[in-house]
Each structure stands twice: as structure tokens, then as C-alpha cells.
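Q: What follows is a structure written as C-alpha cells; I'll ask about it next.
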Amino acid sequence: MKNSLIKNVAVFSFVALTAGAGNALADDSMEAQMLESEAKFVSLDADKSGTLSQDEAAADSALAEAFASADADQDGQISKQEFVLYSGDATAAGN
Ligand SMILES: [Ca+2]
């Protein structure tokens, strides 16, 4: 049940992006993008500590490269919040 909901959100996000994400959809697609970031975060957090170490970030070459800038408070760990912000910035820059 929960999995199919996540799948639907991912499909919706893809459709919204493909359609050029009109202004009316901005809030929804932002939310979908956040869910996507969180899912990515969970998959990278190998030891389920709730933060990404430099070793864990190494699994994603783009994140490994941007580790220092993604680690906003420079504590050597990327929190979920830092990762969501980093993902949003990366997506914005990609546009
Ligand atoms: Ca940090």
C-alpha cells in the first residue's frame, strides 16, 4: 500500500517534470521531489544512522564531489535536511 503510493508520487513527479511543471503544480512537484530526495537519502544511509558519512556519500559520485558544500554546517556528516537542500540546489542548477 505504502509502496504503491510512493510509486504513484514518483510517476506524478516524472509527468510534472516532463510537462514542464506549470506554476499550479509547483508545490506538489516540490513535495514529490522532496520524497524522492528522502528515498535517495535512505538508500545511501547504509548504516541507518540518519546521517551520511563521507564513506556513504562516496556511493554517489556527484554527492561525493559536492560533499563539502552539501555539508552546510561542516560537521563532516550530511543530515537528511542538508541532503534535501543539496538535492534541490543540484536540480535547480541542472535546469
Ligand atoms: Ca552536516
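Q: Residues of the stretch 37-51 being of a type in the set (G, A, S) and either more than 12 Å from Y86 (Cβ to Cβ) or assigned to a loop (DSSP other than H, G, I, E, B) (or both), which ones?
A: At the first step, the residues of the stretch 37-51 found to be of a type in the set (G, A, S) are 37, 39, 43, 46, 49-50.
Hits for the stretch 37-51 are A39, S43, A46, S49, G50.
Q: Starting from residues that are part of a helix (DSSP H, G or I) and surrounded by 13 or more Cβ atoms within 10 Å (Cβ to Cβ), keep the ones in the stretch 52-79 and report whichever is farthest from the ligand (Cβ to nearest atom). Break it down stepwise before answering.
A: We begin by selecting, within the stretch 52-79, every residue part of a helix (DSSP H, G or I); these are 54-57, 61-65, 67-70.
Next, from what is left, pick out any that are surrounded by 13 or more Cβ atoms within 10 Å (Cβ to Cβ): 54, 56-57, 63-64, 67, 70.
Numbers: Q54: 11, E56: 12, A57: 11, L63: 13, A64: 15, F67: 10, A70: 8 Å.
Ranking the qualifying residues of the stretch 52-79, first place goes to A64.
Q: Return yes or no: is V84 at pLDDT 75 or above, among the β-branched types (V, I, T) and either exposed (fewer than 14 other Cβ atoms within 10 Å of the Cβ) or more than 11 Å from the ligand (Cβ to nearest atom) (or both)?
A: Numbers: at pLDDT 75 or above: yes; among the β-branched types (V, I, T): yes; either exposed (fewer than 14 other Cβ atoms within 10 Å of the Cβ) or more than 11 Å from the ligand (Cβ to nearest atom) (or both): yes.
Judged against the criteria, V84 is a match.
Q: If you check every pair at least six apart or on different chains, which have Cβ atoms under 6 Å apart with a residue in the stretch 23-39 that is surrounded by 13 or more Cβ atoms within 10 Å (Cβ to Cβ) first and a residue that is at pLDDT below 85 and of a type in the set (A, V, I, L, M) second?
A: L25/A16; S29/A16; S29/A21; A32/V9; L35/V9
The values are calculated or read from the model by the stated rules, or taken from the named source; none is laboratory data. All of these numbers come straight from a predicted model, not from anything done at the bench. Using ideal geometry, Cβ is built from the backbone for each residue, glycine included, and neighbour counts are taken over all protein chains shown.
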